[in-house]
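We did not get these values from a lab; they are worked out from the coordinates using the rules stated. This structure is a prediction, so every number in the text was calculated from the model and none was measured. Note that we place each Cβ from the backbone using ideal geometry, even for glycine, and neighbour counts take in every protein chain shown.
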Amino acid sequence: MGLDMSIVAKVYNFDNKDKLEKELDFEINYIELELAYWRKCNAIHNWFIKNRGKEDDCKPIYIYIKDLIKLKGICEEEIKNKNNKDYKSELEPIPGFFFGITEKDEWYYKDMEYSVKQLDKIIKWYKHNNNISLYYQASW
């Protein structure tokens with residue numbers, strides 16, 4: 001058990017939708033893609049709850065692309081200021097029963113690097129796919 005988090009996209013119109021519906025003999029309203037996945041990255045979870053959620057209740061939270069652009073910039077600043085003791089971070093690890101450690105150690109910074117990489121990919125992909133909705137969801 002532990003904190004598992006993801007960003008998913010619901011894609012409403014996609015190539016070969018009609019062909020796939022005919023082949024499966026089902027109506028397809030959307031397909032869901034997992035675009036990013038974290039395990040026990042509680043600082044990212046805390047950011048989503050503070051900035052997009054109202055309650056930490058394991059339900060999907062609709063997110064805007066501007067949220068991901070902002071979060072990517074914050075993660076880049078975290079990496080850039082790794083050794084700066086005076087840096088005021090916008091990402092703070094939080095304790096929780098299954099949330100993992102709250103120290104900014106090597107795993108924390110690996111999560112930041114992964115976040116920048118995945119968020120960059122999502123942002124670029126989103127610019128060419130406007131028939132999607134983005135969601136953040138966590139479970140533990």
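Here r is the Cβ-Cβ distance between Ile94 and Ile31 and R0 is 35 Å; the resulting FRET efficiency, rounded to 0.05, is 0.60. Pairs from the table (Lys19/Lys66; Lys72/Lys127; Lys10/Lys70; Lys40/Lys117) lying more than 25 angstrom apart at Cα are Lys19/Lys66.
Placing dummy labels 7 Å off each Cα toward the beta-carbon, the span from Cys58 to Glu106 is 3.3 nm. For the chain, the spherically averaged projection of the C-alpha convex hull amounts to 9.6 nm².
Residue-wise HN-Hα couplings along region 63-76, as the Karplus relation 6.51 cos²θ - 1.76 cosθ + 1.60 with θ = phi - 60° gives them from phi, are 10, 9, 4, 4, 5, 6, 4, 5, 4, 4, x, 5, 5, 4 Hz; Gly and Pro carry x.
The relative contact order of the chain, computed from alpha carbon pairs under 8 Å that lie at least 6 residues apart in sequence, is 43 percent. If you run the Gaussian network model on the chain, springs between alpha carbon atoms under 10 Å, then out of Ile44, Ile122, Ile28 the most flexible one is Ile28.
At an R0 of 30 angstrom, the distance between the Cβ atoms of Arg39 and Lys70 translates into a FRET efficiency of 0.85. From the alpha carbon centroid of region 107-140 to that of region 1-52 is 11 Å.
Dividing the summed helix terms, -39500 (n - 2.57) for each DSSP H run of n ≥ 4, by the number of residues in the chain produces a 222 nm estimate of -13000 deg cm²/dmol to the nearest 500.
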